[in-house]
Amino acid sequence: MKDLPSSIQKSPRLNQWIAIGPGKQITAYSGKVELGQGIGAALTQIACEELGLTPQQLQLVAGHTGCSPDELWTAGSQSIEVGGAALRCAGAQARALFARAAASVLGVAEESLRVERGIFSSAQTQRVTDYWSLAGEVDLSVEITGDAPLRSPCDYRIAGLSLARPDLPAKLSGAAFVHDFALPGMLHARVLRGPHTSCRLEPVAKEALAAALTALPGVTAVVHSGNFLAIAGADEEELVRALVKAQKIVGWTKPQKLCVQGEIEEMLPAMACESSVVHLAGAPQTPVTQHRARYSRPYLAHASIGPSCAVADPSGGPSSHLTIWSHTQGPHFLRDQIASALGREKNEVDVIHMPGAGCYGHNGADDVAFDAAFIAEMLGTPVRVQWMREDELSHSPFGSASLVEIEAGLDAGGKISSWHLQVWSHTHIKRPGWDEGINLLGAWAIEPAIPEPKDKDVSLPAGGGQRNAIAIYDLPHQAVTHHFITRSPLRVSALRSLGAYANTFAIESFLDELAAKVETDPVTFRLRHLADPRARAVIEAVAKASGWRQPGAEIANTGMGIGFGRYKNRSAYCAVVARVRVEEKVHVEKVWAVVDAGRVVNPDGLTNQIEGGIIQSLSWTLKEAVTWSESGITSQTWDGYPILTFDEVPEVEVLLLDRIDEPSLGCGEAAAGPTAAAVANAVAHALGVRARHLPLTAERLTRLIDET
Amino acid sequence: MSFKVNGRTVEVDADPDAPLLYVLRNDLDFKGSRFGCGTGHCGACTVLIDGHAVQSCTTPLWSVSSAPNPEILTIEGLIADPIGALVREAFLDEQAAQCGYCINGIIVSVTALLKRIPNPSQAEILEALSRHLCRCGSHVRILRAVDSAIRMLTP
């Protein structure tokens with residue numbers, strides 16, 4: 001058997017991927033859902049290319065547990081690499097089967113056939129046929145073999161174009177999101193939660209609490225199970241006003257495991273951890289100079305503009321089918337976990353993906369889906385739950401904080417002779433479906449409580465806390481130690497790029513520090529340690545595009561910095577140059593990025609991901625940190641958790657190095673780490689001070705200048 | 001209470017203190033204006049009231065109905081407005097969105113700006129966008145779309 005794409009191995013029958021219809025269309029099924037990353041356009045292009053269709057002839061159905069294949073999560077920059085590979089393989093086999101049927105019907109040789117717009121034609125006959133006419137002749141319930149020839153990228157007509165996203169016109173018109181979805185007789189509900197995930201309800205007489213809450217105008221029902229407390233009503237606006245009053249009625253215990261917030265670089269190494277050497281290669285050479293430095297990033301919030309939302313329909317009774325509309329990244333896992341938490345069979349529950357507000361990892365989507373499902377089950381009526389702004393900024397899992405220490409030696413020739421990186425961090429993934437147990441906030445609160453699973457991080461090669469901890473440079477010696485902090489004071493899980501953001505920031509900052517020690521230009525220093533021609537090409541191209549540090553072109557308080565990384569050490573290459581002006585704070589004036597993501601499916605979609613990745617990383621790097629007190633999360637509003645605003649956005653220029661003969665590589669998270677390093681290196685270039693701890697706020701900058 | 005939404009006079013039976021956003025979404029079924037924060041920080045709920053870009057999540061119904069003959073335009077109504085339609089077209093041309101949740105509010109604000117000032121300065125554009133947040137980092141595209149709309153308006 002051929003080495004089939006991993007998603008095909010899980011869903012091996014062709015009709016799990018391709019169906020003829022509706023009408024004069026073909027349906028392609030995918031487990032990779034549209035999160036705003038434009039994957040719908042790219043997957044459509046890939047399927048159309050193999051099937052010989054126009055984009056208008058293809059309907060993509062993604063993330064519906066009733067009919068879409070289970071492709072785990074839409075995460076990790078894997079949707080083109082994994083989901084695209086699956087559709088390409090399935091599409092090729094469908095085309096081959098139909099071509100055989102067409103050859104028979106038309107009485108021509110199979111090799112003479114071509115398919116365009118779904119129509120099979122041959123130079124050997126005037127007659128034509130198409131997918132829809134042949135539908136009765138072809139059995140799509142066969143196993144996918146992987147033997148069907150894929151179309152050569154040289155012949156591509158649709159893949160490689162900047163096809164406009166099919167989902168955008170509706171989103172820019174009116175109802176399009178799960179937030180906008182409504183069912184007849186639907187109740188709105190809101191869940192009451194304390195200021196920290198570990199807070200419990202103050203002991204209270206259940207009946208009295210229910211009576212007090214039901215007495216509030218707008219509340220028609222109360223759902224109370226253990227520490228899970230929700231109010232419901234027909235009018236959302238009245239319910240939201242009742243929520244404010246309800247929060248004053250309900251008391252919460254103090255958080256159970258919340259330490260006092262301090263500097264990350266002091267907090268993390270003091271926490272209990274399990275340490276292990278996760279990478280060791282070569283032997284240290286004798287150095288003439290040694291250098292050591294520590295870097296850190298704080299806990300970061302997803303901070304989506306739209307708070308998480310879901311609608312659940314119990315079809316009128318507790319024993320009926322339960323349908324949940326959700327903006328989850330993993331519909332099948334979510335279905336399984338909700339079924340398990342509610343004591344249901346999997347086949348009694350369906351999750352249907354609908355668009356949500358920006359998704360950058362494991363946010364509140366799954367939790368709010370459980371909230372809606374549980375309340376709907378308890379009340380026996382369709383329920384819509386939308387979290388409030390404070391919920392989104394307090395209860396969505398945060399991205400883990402990290403501390404990174406690097407110690408390296410330099411030889412007499414100005415080359416790195418030894419390298420040891422140590423990273424302290426929590427888990428970077430705790431999604432529903434990751435490891436054992438149920439990972440749903442509400443399920444941990446209901447009675448009988450479902451225990452919260454222990455934290456377990458992703459191991460290398462993908463890595464969680466240690467993602468991109470192995471420097472991709474050619475070093476004679478390299479060791480990486482992972483200090484896995486087994487518990488986190490804040491609820492943490494996957495946020496865009498996981499540990500790669502901190503590790504790349506640290507490695508790329510440290511390289512500039514080493515370059516300075518040997519008085520070498522940072523670009524030259526990097527190239528000295530890089531043989532991979534694709535890595536060298538993006539660095540050389542970004543240096544050229546940015547007019548890298550031209551002698552004589554220096555401007556006071558202005559600096560240029562570079563950052564480079566290959567995401568997960570195996571996905572897209574990305575090199576970033578930032579130009580900053582430092583006054584009372586850091587102003588990023590311009591950012592250049594060069595990306596090699598192999599064969600590009602949709603150039604504009606890829607550019608959009610890189611642009612967005614750069615801007616989001618600038619926001620993290622310059623402004624963001626979750627804050628808390630002993631009572632709970634304090635960065636609960638946009639005042640407390642400011643993100644980048646329009647007047648802080650630099651010019652951004654993205655250049656793609658399209659490599660048509662190389663496999664497509666995941667790129668959605670590639671820019672995060674390189675951007676942070678480029679900014680810190682530019683600040684060092686401008687001021688001569690080294691910012692090692694994020695975020696680079698005006699206060700930190702002032703402190704840094706004072707200390708220097 | 002009665003006022004005009006997207007060119008149609010509507011009767012609304014709701015609490016005068018109710019924020020306009022909920023009335024538009026749930027009572028009148030105009031879902032294109034979205035809840036983001038409820039405090040007027042993010043701009044996802046922005047609508048036009050008599051030509052002014054207003055955050056509907058912090059605008060109580062009584063303040064709308066107390067104006068003489070108020071006219072509200074949401075994204076649904078802007079599509080029938082020449083400048084609104086042009087701005088939206090520019091956003092689609094530039095693919096100026098990722099998730100798209102914040103964009104309708106931004107299109108509304110940009111439309112209000114261009115109705116007032118057809119050829120605004122960069123400072124005026126940034127001022128109009130200062131009450132909007134985007135988390136996906138679509139800012140550079142949004143700014144390109146605004147420039148493109150201005151070019152279409154001032155040949």
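Each value in this text was obtained by applying a stated rule to the coordinates, not by laboratory testing. Note that this is a predicted model, so its numbers are computed, not measured. Cβ placement follows ideal geometry from the backbone for every residue including glycine, while neighbour counts extend to all protein chains displayed.
Listed here are the pairs A:Lys10/A:Lys346; A:Lys245/A:Lys623; A:Lys430/A:Lys568; which of them are more than 25 Å apart at the Cα? Checking Cα-Cα distances, A:Lys245/A:Lys623 exceed 25 Å. Restricting attention to chain A, close to 75% of DSSP beta bridges with both partner residues there are antiparallel. Residue ranges A:36-45, B:28-37 sort as A:36-45, B:28-37 when ordered by packing (mean number of other C-beta atoms within 10 Å per residue, highest first).
Using a simple spin-label model with pseudo-atoms 7 Å out from Cα toward Cβ, A:Thr54 and B:Lys4 lie 4.0 nm apart. The simple spin-label model puts a point 7 Å past each Cα toward its Cβ; for B:Arg116 and A:Asn557 those points are separated by 3.0 nm.
Please label the shape of segment A:131-279 as rounded, prolate or oblate, based on the square roots a ≥ b ≥ c of the eigenvalues of the alpha-carbon gyration tensor (a/c under 1.5 means rounded; beyond that, a/b larger than b/c means prolate, else oblate). Judged from the Cα gyration tensor, segment A:131-279 comes out oblate (a/c at least 1.5, b/c at or above a/b). The string of couplings for segment A:401-408 from the Karplus curve (6.51, -1.76, 1.60, θ = phi - 60°) is 6, 9, 10, 10, 10, 10, 10, 9 Hz, one whole number per residue in order, with x for Gly and Pro. Computed with the Debye formula from one identical point scatterer per Cα of segment A:6-171, without solvent, the log10 of I(q)/I(0) at q = 0.11 Å⁻¹ comes to -0.42. Here the Karplus curve 6.51 cos²θ - 1.76 cosθ + 1.60, taken at θ = phi - 60°, turns the phi angles of segment A:474-480 into couplings of 7, 10, x, 8, 8, 10, 10 Hz, with x standing for Gly and Pro. Averaged over peptide A:240-249, the number of partner chain Cβ atoms lying within 10 Å of each residue's Cβ comes to 1. For an R0 of 56 angstrom, estimate the FRET efficiency from the Cβ-Cβ distance between A:Leu657 and A:Ala211 and round to the nearest 0.05. That pair, A:Leu657 with A:Ala211, gives E of 0.25.
What separates the Cα centres of segment A:429-487 and segment A:340-355 is a distance of 25 Å. Computed 3J(HN,Hα) for segment A:623-631, one whole-Hz value per residue from the Karplus formula 6.51 cos²θ - 1.76 cosθ + 1.60 where θ = phi - 60°, is 10, 9, 6, 5, 10, 8, 10, 5, 8, glycine and proline marked x. A full extension of the chain between A:Lys544 and A:Leu161 corresponds to an added length of 135.3 nm, given 0.36 nm per residue minus the alpha carbon distance. Under a 5 Å amide H cut-off, with hydrogens placed 1.01 Å from N, A:Ala221 pairs with A:Ala232 among residues at least 5 apart or on other chains.
Extension gain, A:Thr634-A:Arg703: 0.36 nm per intervening residue step, less the Cα-Cα distance, totals 22.5 nm. Per residue, the convex hull spanned by the alpha carbons of segment A:482-542 comes to 136 Å³.
Under 5 Å between amide hydrogens, built in the peptide plane, is the criterion, and for B:Cys134 it picks out nothing among residues at least 5 positions away or on other chains. Computed over segment A:478-597, the range of Cα coordinates on each principal axis works out to 51, 40, 30 Å, biggest value leading. Placing one equal scatterer on every Cα of the protein assembly as shown and applying the Debye formula, the log10 ratio I(q)/I(0) at q = 0.09 Å⁻¹ is -0.94.
What the Cα convex hull of chain B gives, in volume per residue, is 100 Å³. Legend: calculated FRET efficiency, B:Asn69 to A:Asp70, from the Cβ-Cβ distance at R0 = 45 Å, rounded to 0.05, equals 0.20.
Each principal axis of the Cα cloud of segment A:78-191 was taken in turn, and the coordinate range along them, longest first, works out to 65, 33, 29 Å.
Peptide A:169-178 has a mean of 6 when you count, residue by residue, the C-beta atoms of other protein chains within 10 Å of its C-beta. Centre-to-centre separation between the Cα atoms of segment B:1-47 and those of segment A:265-320: 40 Å.
A cut-off under 11 angstrom between Cβ atoms defines the neighbours of A:Tyr360, and their net charge, with Lys, Arg +1 and Asp, Glu -1, is +1. Here the spin labels are modelled as points 7 Å beyond Cα on the Cα-Cβ line, and at A:Glu266 and A:Val128 they lie 7.5 nm apart. Taking every residue in B:127-135 and counting other chain Cβ atoms within 10 Å of its Cβ, the average works out to 6.
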